[in-house]
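All remarks here apply to the structure that follows.
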Amino acid sequence: MIVVIPKEIHPLETRTAVTPVTVKQLIKSGLNVRIESGAGQASFISDSDYQDAGAEILDSGSKVLSQADVVLRVLPPSEEEISQLRPHSVYVSFIQTTRELKIVKALAEKSITGFSMHLIPRTTLAQKMDALSSQANIAGYKAVLIAANRLGVYMPLLMTAAGTIRPAKVLILGAGVAGLQAIATAKRLGAQVEAFDVRPVVKEQVESLGAKFIEVQSDSDDGVGEGGYAKETSDDYKRRQQELIHEHMSEADVVITTALIPGRPAPLLIPTTMVDDMKPGSIIMDLAAENGGNCELTQKDQVIEYNGVTIDGTSNIPGTLPVHASELYAKNITAFLTYMVKDGELNLDLEDEIISGAMFTHRGEITHEPTQEAMNA
């Protein structure tokens, strides 16, 4: 069975789906690995590195795709690339299936089995395949460093002969994987850190990292979704949430937002009126920019200034650390593929919760119910 890795076509994508280490793992599983020349260049992996690991290098992107039984990628294919794929082949990448409906439809019409790394179930067995978490970890870490680099103040408390310098105040909205890593990184830099999340259950994790947890008092389980994700909250909760966030934002030097509901527009946490009350020189790092942003003023892949406040809408922060981002993603996607391989061939057990959970198209049908509903709508 032939596994191919084409070059990423998005100009801002620096990650790759395989490394020399994972190429060896794929070959050990009985797979034949073919890689388009230059596929690892942005991650500082040369063609010769891949060849030394046992992969075959192909010059033509169309030749790579036309030979594939399985395609591994970071981002979804274009419609033109889908036309070059073999019917009944398998495509694995990040794809928000309820938002990228044209791509889903094209894959289904070509009878291609599509798997999204966004849809990997959040279970103990699937932890090593959880690419969302591995990439969010990087995003949370790097967002703090980017903000610290732009700030006009120190992060830590300093006591000098010239006087005492107060620590920077960092507010983190969302205490998932990205938020917790942001908390840990900001604390290591010496900042005073506060964190907010709609899920009271994360309070202990936040406080264990040395941050103050701020919460909306509620008797219900508003905001607590399945699989550890947040969910949509009630209108009353949203009103009280915004009042609380507004109060703490006005004192913050850095605000890092991480609230992202898979496959849906990012919830609006920071309207323009809140930004109006922020201190000049403060910074908003919006890690939900990919899905529209948690801040009303966020512009995807743009860094703007509004009334002295810098708002960073970079959507691919993990791509700013391409070496480790690729290493982690490659391990995730390789773990998923080899989980389905038996004796060098794919075994698509549709009763398996990981395989069926990550699948969104198969044999010409859209198999993921929320995606089918979005398509019908």
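The values are calculated or read from the model by the stated rules, or taken from the named source; none is laboratory data. Owing to the predicted nature of the structure, the values given are computational and were not obtained by experimental measurement. So basically every Cβ, Gly included, is an ideal-geometry build from the backbone, and we count neighbours across all protein chains shown.
Listed here are the residues, each with its yes/no results for (1) among the hydroxyl-bearing types (Ser, Thr, Tyr); (2) touching a Gly at 6+ places or on another chain (Cβ under 8 Å); (3) modelled with pLDDT under 95.
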residue	(1), (2), (3)
Met159	no, no, yes
Gly179	no, yes, no
Ala186	no, no, no
Ala195	no, yes, no
Asp222	no, no, yes
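Which members of the range 76-93 meet the condition of being surrounded by 19 or more Cβ atoms within 10 Å (Cβ to Cβ) and either under 20 Å from the mean Cα position of the chain (by Cα) or not in a loop (DSSP other than H, G, I, E, B) (or both)?
Pro76, Pro77, Glu81, Ile82, Val90, Tyr91, Val92, Ser93
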Search the range 315-349 for residues being part of a loop (DSSP other than H, G, I, E, B) and more than 16 Å from Thr22 (Cα to Cα), and hand back the single one that is modelled with the lowest pLDDT. Asp343
For the range 295-316, which positions are touching a residue at least 12 places away in the same chain (Cβ under 8 Å) and within 22 Å of Thr14 (Cβ to Cβ)? Thr298, Gln299, Lys300, Asp301, Asp312, Gly313, Thr314, Ser315, Asn316
Looking at Gln41, is it modelled with pLDDT under 95, assigned by TED's automatic domain parsing to the domain that holds Leu348 and farther than 22 Å from Glu369 by Cβ? no
For the range 34-87, what are the residues that are more than 17 Å from Leu107 (Cα to Cα) and among the polar types (S, T, N, Q)? Ser37, Gln41, Ser43, Ser46, Ser48, Gln51, Ser60
Among the residues of the range 99-124, which ones are modelled with pLDDT under 95 and either assigned by TED's automatic domain parsing to the domain that holds Leu173 or farther than 19 Å from Ile261 by Cα (or both)? Thr124
In the range 350-372, how many are surrounded by fewer than 18 Cβ atoms within 10 Å (Cβ to Cβ), outside any helix (DSSP H, G or I) and in contact (Cβ under 8 Å) with a residue 24 or more places away in the chain? 3
Anything in the range 52-70 that is of a type outside the set (Gly, Ala, Ser) and either under 24 Å from Phe336 (Cα atoms) or in a helix (DSSP H, G or I) (or both)? List them, or say none. Asp52, Glu56, Ile57, Lys63, Val64, Leu65, Gln67, Asp69, Val70
Do you know which residues across the range 173-188 are crowded, with 24+ Cβ neighbours inside 10 Å and in contact with a Leu (Cβ under 6 Å, 6 or more places away or on another chain)? Leu173, Ala178, Ile183
Index of the failed condition, Ala143 passing every other in (1) buried (at least 19 other Cβ atoms within 10 Å of the Cβ); (2) assigned by TED's automatic domain parsing to the domain that holds Leu328: (2)
Selection from the range 109-135 of residues in a loop (DSSP other than H, G, I, E, B), more than 19 Å from Gly364 (Cβ to Cβ) and of a type in the set (A, V, I, L, M, F, W, C) yields Ile120, Leu125, Ala126
Quick one: Leu145 ticks every box in (1) in contact (Cβ under 8 Å) with a residue 60 or more places away in the chain; (2) part of a helix (DSSP H, G or I); (3) not polar (S, T, N, Q) bar one, so which box is it? (1)
Result of the Cβ filter at 6 Å on the range 22-49, keeping first residues that are in contact (Cβ under 8 Å) with a residue 40 or more places away in the chain and partners that are assigned to a helix (DSSP H, G or I) and of a type in the set (Gly, Ala, Ser), at least 6 apart or interchain, is Thr22/Ala330; Ser43/Ser326
Of (1) surrounded by 17 or more Cβ atoms within 10 Å (Cβ to Cβ); (2) β-branched (Val, Ile, Thr); (3) in the same structural domain as Thr19 (by TED's automatic domain parsing); (4) in contact with a helix residue (DSSP H, G or I) (Cβ under 8 Å, 6 or more places away or on another chain), Val64 satisfies all except one. Which? (4)
Give the residues of the range 70-90 that are basic (Lys, Arg) and touching a strand residue (DSSP E or B) at 6+ places or on another chain (Cβ under 8 Å), sorted by residue number. Arg73
Taking Pro267, is it outside the structural domain of Val74 (by TED's automatic domain parsing), part of a loop (DSSP other than H, G, I, E, B) and at pLDDT 95 or above? no
Among (1) farther than 22 Å from Glu100 by Cα; (2) in contact with a strand residue (DSSP E or B) (Cβ under 7 Å, 6 or more places away or on another chain); (3) outside any loop (DSSP other than H, G, I, E, B), there is one condition Ala39 misses while meeting the rest; what is its number? (3)
Of everything in the range 270-313, what is assigned to a strand (DSSP E or B), in contact with a helix residue (DSSP H, G or I) (Cβ under 8 Å, 6 or more places away or on another chain) and among the β-branched types (Val, Ile, Thr)? Give them in sequence order. Ile270, Ile283, Ile284, Val309, Thr310, Ile311
